[in-house]
Structure formats: structure tokens, C-alpha cells
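Here the structure comes first, spelled out in C-alpha cells, and everything after it is commentary.
The values are calculated or read from the model by the stated rules, or taken from the named source; none is laboratory data. Here the structure is a predicted model, which means the values were calculated and not measured. All Cβ positions, glycine included, derive from the backbone under ideal geometry; neighbour counts span all protein chains shown.
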Amino acid sequence: MTIYIVKRVLLALITLVLVSLIIFVAAEVLPGNIGRTILGHFATNAQVQAINVKLGLNRPVLERYWDWITSFIRGRWGSSYSLQVPVFGLVMRRFLNSIILGAFALVLIVPVSVGLGVVAALRRNHFTDRAITLVGMSMLALPEFVTGVLALIVLSIQFHWFPVSSVVPSANPVSIVRNLFLPALPEMVLIFGYVSRMARAGTVEVLESNYVRTAVLKGLPRSRVLFRHALRNSLLPTITVIAVQAGYLVGSLVVVETIFNYPGIGNLIYTAALSHDQPVLQAAVFLVALVYTVTNLTADLAYAALNPRVRLG
Amino acid sequence: MAQTLDTTAPQPSNDLTALQTRGGRFREVMAELFHSPAFVVGFVVFVFWVVDAIFWQSIAPQSPQAIHPFLTLKPPSTSHWFGTDWLGRDVFARVLGGSTSILEIAPLATLLGILGGTAVGLVTGFYGGAVDTLTMRLVDAFLAFPLIIIAVLVLSLLGSSEITVIVLIGVIFTPVVSRTVRSVVLVERDKEYVAAARLRGENGPYIMVFEILPNITSAIIVEATVRVGYAIFTAATLSFLSLGIQPPSPDWGLTIAEGRTYLSFAPWVVIFPALALATLVVSINLIVESVQRVVNS
């Protein structure tokens, strides 16, 4: 197990180094002249040169990369070009808001998705299964902005149940639901699609296995077979999917937070990208990748801890 | 290696029979697909939008760009089935004209991603070794951020046009596709027909292209259908974030983004393109799902 953990952590570290390289290349090398990108077509060459010098963009690429990555690790993320505030505090605050939103979506939808996925597996090929599978599949295909905008029209403009623009809620449960339900909805729709399908597939596979047949044949009650024998194994792959989805949530946050004006990290990435705010953009994107890699790592380790075949193999 | 070859020597050469069964298998798959209601529904809706994307100019009641300053934001009526937008343009005409951009971008981006991914996957899977390890690490790193974030990052810096969006989605798809292709190549690589080709003295590129590739086409086709769905999803989202197709195109994602301002008093400007997009993506998912089920069974 120790060897497996060490190996897995090392791989994650290598991945992160490559990720930082990709971000750096995409944000600082690919666009060519950043000063020109920031100032636009009408600035003179002298102005462009001046801003490049001011931002330290005239130094060699490798030196800039090394500078960026070392100060990122030490928590010195610089200050935002457009907002003139320290990047660290800004990104962290927005990130926390996004976690609140994402956690709300996950807590609400994961039990439902797993439950319905298992129900579909139990009623395999019956009408219930077909209905759940078909709905889940259709939901999987819908872009967040389509569900978001349609939900906005129906639930907040037609019925006035929710505000059109969401803010970070206070601790009051009414405020939490009022502000978070609508922006969480498009994500719940997507998560439902993936998780219910995984839960169904996992359960179907286990229900066909020999040991479940043995349990049934030796006369155990159905509920005992299901909860004590089948589900323990069948939900393993679902854990991985939930972790991966938690990482991908951040991607859909870009869209959802833009629709609902929610002050999260997705919205921050989008506005920073449009205003060419490199320090904010690079830090926020790297943080997202970091979180994604760590959730994946955790999922793999949890999977290994629960499944001896992985950790010994 | 030699031993396994000896024991399987009496088997017929795979060339002719493989071709025959491949043609037969294709017809079998199609017949089975058209017996599935989910596939038929998806197929009909999808074909409707493709036909619309090509012939919308002869179907639409007026030009999607025709501006009528005195008819702005009118609700649906008999003269304007889906109402009019903030410039008095006919929403019905714009919905019909809005499928073209996305149905141009998605297949081209997919094609690019499939070509790139197949090339990378074949080479890394077939040769293995250090190049394979390194490439797969890079693929992992690439997949460590949500695709839409890479797209936002790059498009905000490079500026957006239809070509940029196509190339970007194609490039983003390449690592994803390469991973799928690599995994099937790894299985094929150890089969006897590859060993036989090696013994005949064929070189690596020949074996990859003429021996392995024909045997992994079904996996590639399934991957391509999955990718088309994602390409539409991504392209529409980019349009919505105003990083894709630019105004005054009747593109659905773009129209939804622009129409958001009028949401509270003219929801029809947004509802109809949203529903159109929803039917398109769901139809593609129905097709993908059925193809996967039938091919894998």
C-alpha cells in the first residue's frame, strides 16, 4: 500500500509540473506580445514596450516560468492588473464561494442519483429503468447555459421563486436555498446524468456476479443481499466518478456563475480572461487544476483502500 | 511467440474473411440500430437539423438578419411564429438559420481531434516505451483542467473566429481521443496477426496503418460520435461566453447570450434557440448511446 501511495503521489506531482507548464505556455507564450494584447491596437509601440518592461515580460521565458512557479508555491501570487488587489486573497475568497455552491449541488444530487441508479439496476429493462436511463442521458447532453437559462425563465421570472442574480448566502437555510438552488441546478442536472449511470452500471454488474447469486440462493432476504453484499462493491466505481465530477464542476462553474452573476472562481476566470488579467488568470486556473488533481488522487487512494485488488496488484 | 504462431497456423488468413464479416457486421449494426426507438427518434431529429443547416435559406420565412425597428420584442403571433427580437428580427428565421454554424464547427473539430488522436494513440500504443509514458503524462496533465477553461484561456488571448474555435476544440480533443485509441491499440498489438506481419518483415508504420487501424475502426467510430456531442456542447458554450461565433450570426448559443438582457419581458427570444439546441444535443446523445450499445454487444 505504501509503495502504491508513493507512486500515485509522485505521478500526481509530475502531472502538476506539466499542468503548470501548459498554463504558462497558454497564458504567456502563446499570445506573443502580452503588452499589445492588454493595450489593444491603438497603443504606440513605446507604450507597449513600457508595459512589457513594467510587467517584467521582457525577461527570458524560463526565468519568468521559474519566478512564477516559485512565488506561486510560496503564496505570493502578485497583484491583479485590473483590480489592483492581491491575487491570493481574491482567488481564495472566490474559490471558497464556488466550493459553497459546488458542495450544495453535490449534497443535494448525489444521494438522489445513486438511489435512482440503483433502482434502475434493480428494475433492469423495465419501464422505470428505461425512464431513469433516458432522462439521465438527456440531462448529460444539455449544456449548462441551456438548463440555466430555461430554469431562470421558469423558476425566477415566471414564478418569482428565486432571485435572478445570486449572492453568497448567509448561514440562514432559507437564504442558502434561495441563492444557491438555481445556480446549482444546471450542475445537478449534469451530475445526475453521470452518477446515476455509473451507479446503475456498477449495480447491474454486481447483481450478475456469482457471490450475489449464492447469497440469494442461500435464502438471505433481498434487502440484506442488496445492502450487505451488492452495494458495497457496486458503488466503488461511482466514488471515482463523483470525485472526477467534483473536479469538472469547476468547469461548468465558469458558465453557471456567469449566468447568475455568482461571485465564484469560474466567474473570476472568465472576467480575468476577458480583461487579460494574467496573474489572476494563471493563479485561478492553476488552483483549479491543483484541486482537480488532488480530488482525483484522493479518489484513487480511497478506491485502493476499499479495493484490495488495486492496492496489491 | 513462435509457439503461439504454430498452434494457430491452421486458422484462415484474416484478409478476405475479415473484409466480408466487416461489411456484414456493418449491415447488421445498422439493422439493429433502426429497430431501436431511441435511435430512430434521435436520428430523425438530427437529420432534421442537418437538412435545416443546409437548406434553411429556402425554408426560413425571411432573412434572419432583416431588421424591423417598429416590430421589436413582439411576442409569438401568426406572422412571427416565435416572436421578434430586440432588433425586430424574426426569431423563427433565426432559429432555423442558427444550426449552420454549430453543425459546421462540431464535425470539423471532431474530425481534427480524431485524426490527431488516432495518430498519437497509434504511435504511443504501438511503440510504447519512454515516448508513450511521457505522452500519457502530458495527456493526464492536459485533462487536469476542465476543457472549457483551456478554451476560455486561449480564445480570450488569440481572439475568436470560426476557424480558431474549430482548431482549438480539435486540439483539445486530440489527447482525449489518443488515450482511447491507445487503449485499443494495446490490445491489438499483442494479437497474432500483428506478430505475423512482424515476421513477414513489415515495418512499424505499415503495421499500424494497414494491419491495426482497420481493426480498431469501430472503436474510433464510437469515439467520434461521442466527440461530436461534446464538440457541440463546447462550441455552443463558447458562443454563449461570446468567445466563439460573433454577432450578427443567428448562432443559438450567441443568441441566448445576447437575449439574456431581455429575459424578463421577452423570454421567447431565448426560449426557442435554447429548445432548438436542447433537441439537437439530446438527439445526438440518443444516437451515441444506441451506437455504443449495439457496437459493444
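List of remarks:
- The residues in the stretch A:22-49 that are out of contact with any Pro (no Cβ under 6 Å at 6 or more places or on another chain) and either assigned by TED's automatic domain parsing to the domain that holds A:L281 or not hydrophobic (A, V, I, L, M, F, W, C) (or both) can be counted, and the count is 12.
- Screening the candidates B:A236, B:A257, B:A276 for the property of being at pLDDT 90 or above, more than 7 Å from chain A (Cβ to nearest Cβ) and closer than 22 Å to B:I163 by Cβ yields one hit, B:A257.
- The stretch B:235-278, subset more than 22 Å from B:H80 (Cα to Cα) and of a type in the set (G, A, S), residue surrounded by the fewest Cβ atoms within 10 Å (Cβ to Cβ): B:S242
- Qualifying residue in the stretch A:138-161 (condition: within 25 Å of the chain's Cα centre (by Cα), of a type in the set (D, E, K, R) and part of a helix (DSSP H, G or I)): yes
- Conditions (1) closer than 21 Å to A:Q84 by Cβ; (2) of a type outside the set (K, R); (3) outside any helix (DSSP H, G or I): number failed by A:H41: (1)
- Residues within the stretch B:221-241 that are in contact with a helix residue (DSSP H, G or I) (Cβ under 6 Å, 6 or more places away or on another chain) and either without any contact (Cβ under 8 Å) to a residue 60 or more places away in the chain or of a type in the set (K, R) (or both), tallied: 3
- Selected residue (only one of B:L112, B:L103, B:L122 is touching a Gly at 6+ places or on another chain (Cβ under 9 Å) and not basic (K, R)): B:L112
- Being assigned to a helix (DSSP H, G or I), more than 14 Å from chain B (Cβ to nearest Cβ), hydrophobic (A, V, I, L, M, F, W, C) and touching a Gly at 6+ places or on another chain (Cβ under 9 Å) is a description that applies to A:I100.
Conditions (1) among the basic types (K, R); (2) over 16 Å from B:L280 (Cβ atoms); (3) without any contact (Cβ under 8 Å) to a residue 40 or more places away in the chain, marked per residue:
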position: B:L71; (1), (2), (3): no, yes, yes
position: B:D85; (1), (2), (3): no, yes, no
position: B:D90; (1), (2), (3): no, yes, yes
position: B:T100; (1), (2), (3): no, no, no
position: B:L103; (1), (2), (3): no, no, no
position: B:L111; (1), (2), (3): no, yes, no
position: B:V123; (1), (2), (3): no, yes, no
position: B:M136; (1), (2), (3): no, yes, no
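- Only residues that are within 9 Å of another protein chain (Cβ to nearest Cβ) and within 17 Å of A:Y65 (Cα to Cα) were counted across the stretch A:261-281, and they come to 1.
- Here the condition is being in contact with a helix residue (DSSP H, G or I) (Cβ under 6 Å, 6 or more places away or on another chain) and either away from chain A (no Cβ under 14 Å) or more than 25 Å from B:V152 (Cα to Cα) (or both); of B:N215, B:N296, B:N203, it holds for B:N215 alone.
- Scope the stretch B:126-158; condition more than 9 Å from every other protein chain (Cβ to nearest Cβ), under 25 Å from the mean Cα position of the chain (by Cα) and of a type in the set (G, A, S); matching residues: B:A151
- Of all the listed residues (A:S170, A:S138, A:S165), the sole one being among the small types (G, A, S) and more than 14 Å from chain B (Cβ to nearest Cβ) is A:S170.
- Residue match in the stretch B:214-222 (condition: among the small types (G, A, S) and at pLDDT 90 or above): no
- Total residues in the stretch B:58-114, condition under 30 Å from B:I172 (Cα atoms) and in a loop (DSSP other than H, G, I, E, B): 1
- Some residue of the stretch A:57-80 being within 14 Å of chain B (Cβ to nearest Cβ) and among the basic types (K, R): no
- Residues satisfying the stated conditions in the stretch A:206-260, i.e. acidic (D, E) and either away from every other protein chain (no Cβ under 14 Å) or surrounded by fewer than 17 Cβ atoms within 10 Å (Cβ to Cβ) (or both): A:E208
- Taking every residue in the stretch A:6-29 that is on the phi < 0 side of the Ramachandran plot and pairing it with any residue that is among the acidic types (D, E), at least 6 positions away or on another chain, the pairs with Cβ-Cβ distances below 8 Å are A:R8/A:D300; A:L11/B:D140; A:T15/B:D140; A:L18/B:D140.
- For first residues located in the stretch A:50-79 and in the same structural domain as A:A26 (by TED's automatic domain parsing), partners that are part of a loop (DSSP other than H, G, I, E, B) and polar (S, T, N, Q) and lie 6+ apart or on another chain with Cβ distances below 7 Å form the pairs A:N52/A:N58.
- Taking the stretch A:66-97 as the range and being among the aromatic types (F, W, Y) and in a loop (DSSP other than H, G, I, E, B) as the test, the residues that pass are A:W77, A:Y81.
- Condition check for A:V85: farther than 14 Å from A:E187 by Cβ, more than 12 Å from chain B (Cβ to nearest Cβ), at pLDDT below 90 and in contact with a strand residue (DSSP E or B) (Cβ under 7 Å, 6 or more places away or on another chain): yes
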